[in-house]
Amino acid sequence: MILERIELHENRELRYCFTVTNSNIHPNQTQIDIIKQQMIERTRNATNLQKLKEYEITMAYEYNNTNGVRLALIKIYPKDYQ
């Protein structure tokens, strides 16, 4: 997985855009939901994200394959991690 860029979107959204280099990955919604719950827990416990949490930033994670097709977009809202 390669971090391609970080974007700032409206409504205080910070989006990390990744390219997944493994072409065998095709997550379904159930898998995405499980991953999101794990990411929420990590965000709640992450001390290095304290300033982002104080400013109530929405943290988004976009995953695309090598052809630019979106595999998943996971958004973690302030209400999720507080």
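The table for this structure:
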quantity: Solvent exposure of the chain as accessible area per residue, Å², 1.4 Å probe; calculated: 69 Å²
quantity: Calculated FRET efficiency for the pair Glu7/Asn67, C-beta based, R₀ 25 Å, to 0.05; calculated: 0.80
quantity: Relative contact order of the chain, defined on C-alpha pairs under 8 angstrom at six or more residues apart (%); calculated: 34 percent
quantity: The chain: chymotrypsin sites (Phe, Trp or Tyr not before Pro) in DSSP loop, at most 15 other beta carbons within 10 Å; calculated: Tyr55
quantity: Pairwise Cα inverse-distance average, inverted: Kirkwood Rh of the chain (Å); calculated: 13.4 Å
quantity: Exposure rule at most 16 other beta-carbon atoms within 10 Å, DSSP loop GluC sites (Glu not before Pro): the chain longest free segment; calculated: 11-55
quantity: The chain - percent of accessible surface contributed by carbon and sulfur, probe 1.4 Å; calculated: 49 percent
quantity: DSSP beta bridge pairing in the chain, given as percent antiparallel to the nearest 5; calculated: 65 percent
quantity: C-alpha long axis of helix 29-45 to longest principal axis of the chain, angle in °; calculated: 30 degrees
quantity: Distant alpha-carbon pairs in the range 1-45 (separation over 14 angstrom), percent; calculated: 68 percent
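The values are calculated or read from the model by the stated rules, or taken from the named source; none is laboratory data. None of the values given here were measured: they were computed from a predicted structure. Every residue, glycine among them, receives a Cβ derived from its backbone with ideal geometry; neighbour counts consider all protein chains shown. Ligands, DNA and RNA are excluded from the accessible area calculation, which covers all protein heavy atoms including side chains. Shrake-Rupley method; radii C 1.70, N 1.55, O 1.52, S 1.80 Å.
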